[in-house]
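The values are calculated or read from the model by the stated rules, or taken from the named source; none is laboratory data. For clarity, every value in this text was computed on a predicted model and none was experimentally measured. Backbone-built Cβ (ideal geometry, glycine too); neighbour counts: all protein chains shown.
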Amino acid sequence: MNLKPIRPVIDYALNDYTIDKEEFINNLFSFLSLNKLLSYKQIVIGVSGGPDSMLLSYLLKEFSVKYDFKFHAVIVDHQFRNFSFKEASLTQKRLKMNKISSEIVKLEKCYKKNGLQEWAHFKRLEILSSIATSKNSILFLGHHLNDQVETVFMRMAKGSGFWGASGIKFFNYWFNTPVIRPLFQYTKKSILKTCKKYLIEFENDNSNFEIKFDRVKARNTLDQLNERKLILKNIYLASNFIGKITFAIDNKINELCLKSFPVYDLGFCVIDVPSLLKLNKAISLRILLIRIKTIGGGKYFVKNKNADLLLNHLEKYKNNLSRMPGRTLGGCKIAYRYKKVFILRWSQFDVGKRKMPKLGNMVFDNRWQIFSKGNIRFEYLQNADLSFLQGQIFKKVKIPIETWRYLPVSLKIFNFKNLTFYLDEIASDNHINLCKNFLLFINKEYNINIKFIKPIIT
């Protein structure tokens with residue numbers, strides 16, 4: 001889904017036009033209207049201080065004034081450098097001069113040597129989506145055409161396949177928060193020209209020039225190629241075309257998933273193996289990839305070859321599933337229980353504890369959206385003694401014990417003995433009602449809303 005500028009995107013890629021402010025504002029309003037997003041009436045933008053996000057802040061400010069949207073900027077201080085907070089403060093000062101409300105959120109220090117940029121990327125998105133969710137807002141990010149081309153180039157180099165070639169989505173959801181990247185059709189040069197036109201000040205991030213990062217390597221490789229503009233255009237158009245195809249396919253797959261491979265509110269999935277194996281193999285693999293990523297809380301899909309091995313495993317035991325050995329993949333356990341094949345959260349590592357931030361909402365383990373006004377630390381029950389729960393409350397409930405191990409609650413906080421009365425009201429083998437009743441119990445007794453994050457395909 002792309003905005004359609006007056007000039008074709010090819011022209012922007014080849015000629016690096018400056019961005020017309022009125023054209024941008026009108027196109028954005030049309031897009032929000034077409035996709036039924038105008039009801040949000042609030043905008044949150046992630047601002048790094050660079051030319052992309054500063055220009056987008058300027059344009060969205062103009063948009064918000066014209067169409068009466070509330071507008072808030074969030075500056076995430078990654079603390080990679082000693083003077084990062086000074087840069088964040090300067091960015092905040094520049095936003096204030098443009099009458100844009102903003103806040104600075106410090107990222108916790110990370111001591112990882114490898115994958116630092118990736119870690120920071122996901123932590124930043126987690127913070128931004130939490131703030132956007134708390135304000136019931138649309139989240140805007142400043143990615144542009146060059147970013148898309150670099151991403152596709154990197155993914156293809158790593159062998160990510162057809163879906164990876166579709167690149168970053170212009171519009172998608174991050175933990176059910178709508179995310180829009182309205183600068184997608186414009187080149188970096190177009191953005192810099194437009195910043196100069198409107199006298200927009202910005203900071204240059206020196207990490208964009210450090211060769212140790214994969215993205216910088218990809219950028220330098222593309223810069224060295226002959227006919228660079230033409231290559232930029234062709235990669236962009238190809239990824240855009242593939243994106244439309246994968247969008248249509250994933251929508252059909254989503255319909256199949258809802259019907260035959262449902263995800264329940266307590267964070268597990270039931271696989272209809274005969275239905276799965278009747279499908280085209282490519283579709284079956286995609287379903288497994290989607291469901292394992294959802295249940296396992298992974299940031300990325302597992303490798304196709306590993307999903308293929310799992311599919312072969314299911315095929316081998318399709319006529320005798322009760323004898324099928326369990327398998328682990330992507331933070332999940334795939335096992336036969338209660339005459340069904342379940343995909344369950346499973347990890348050999350302690351996921352750890354998370355303290356509820358001041359916002360009153362957070363994402364836990366990439367699987368749970370939690371809302372609470374209390375100063376509570378959430379953790380999984382995986383390391384606790386579940387004998388009481390299993391023996392006194394859940395012994396007749398046909399849900400695997402792993403499900404209860406991976407609920408973001410605490411035995412120290414919740415009085416599970418009170419839950420008995422809620423379970424007595426329903427049929428013990430009705431796990432759909434049980435899921436709803438358990439979550440209602442947490443909400444009613446402790447005013448905590450725990451919601452499993454089910455993917456929204458866009």
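Here Ile75 meets the list (1) outside any strand (DSSP E or B); (2) more than 29 Å from Ile231 (Cα to Cα); (3) modelled with pLDDT of 80 or more almost entirely, failing just condition (1).
Report, by residue number, each residue of the stretch 136-190 that is on the phi > 0 side of the Ramachandran plot and either in contact (Cβ under 8 Å) with a residue 24 or more places away in the chain or in contact with a strand residue (DSSP E or B) (Cβ under 8 Å, 6 or more places away or on another chain) (or both).
Our first condition is that a residue be on the phi > 0 side of the Ramachandran plot; within the stretch 136-190, this holds for 136, 159, 161, 167, 175-176.
Asn136, Gly161, Gly167, Phe175, Asn176, listed by residue number.
You will find that of Ile292, Ile271, Ile283, the residue that is β-branched (Val, Ile, Thr) and either at pLDDT 95 or above or in the same structural domain as Ala120 (by TED's automatic domain parsing) (or both) is Ile292 and no other. Could you give me the residue pairs with C-beta distances under 7 Å whose first residue belongs to the stretch 50-78 and is in contact (Cβ under 8 Å) with a residue 60 or more places away in the chain, whose second residue is among the acidic types (Asp, Glu) wherever it lies, and which are 6+ apart or on separate chains? Every condition considered, the pairs that remain are Gly50/Glu203; Gly50/Asp205.
Can you pull out the residues in the stretch 79-109 that are assigned to a strand (DSSP E or B) and either surrounded by fewer than 16 Cβ atoms within 10 Å (Cβ to Cβ) or charged (D, E, K, R) (or both)?
Initial filter on the stretch 79-109 (assigned to a strand (DSSP E or B)): 101-106.
Passing the criteria: Ser101, Glu103, Ile104, Lys106.
Does the stretch 323-341 include one or more residues that are in contact with a Pro (Cβ under 6 Å, 6 or more places away or on another chain), surrounded by 15 or more Cβ atoms within 10 Å (Cβ to Cβ), in a strand (DSSP E or B) and not assigned by TED's automatic domain parsing to the domain that holds Glu445? Looking for residues that are in contact with a Pro (Cβ under 6 Å, 6 or more places away or on another chain), surrounded by 15 or more Cβ atoms within 10 Å (Cβ to Cβ), in a strand (DSSP E or B) and not assigned by TED's automatic domain parsing to the domain that holds Glu445, one finds at least one in the stretch 323-341, hence yes. With respect to the stated conditions, Ile399 fails to be within 27 Å of Asn176 (Cβ to Cβ) and at pLDDT 85 or above.
Each residue in the stretch 266-297 was checked for being buried (at least 17 other Cβ atoms within 10 Å of the Cβ) and either of a type in the set (Lys, Arg) or in a loop (DSSP other than H, G, I, E, B) (or both), and 7 of them qualify.
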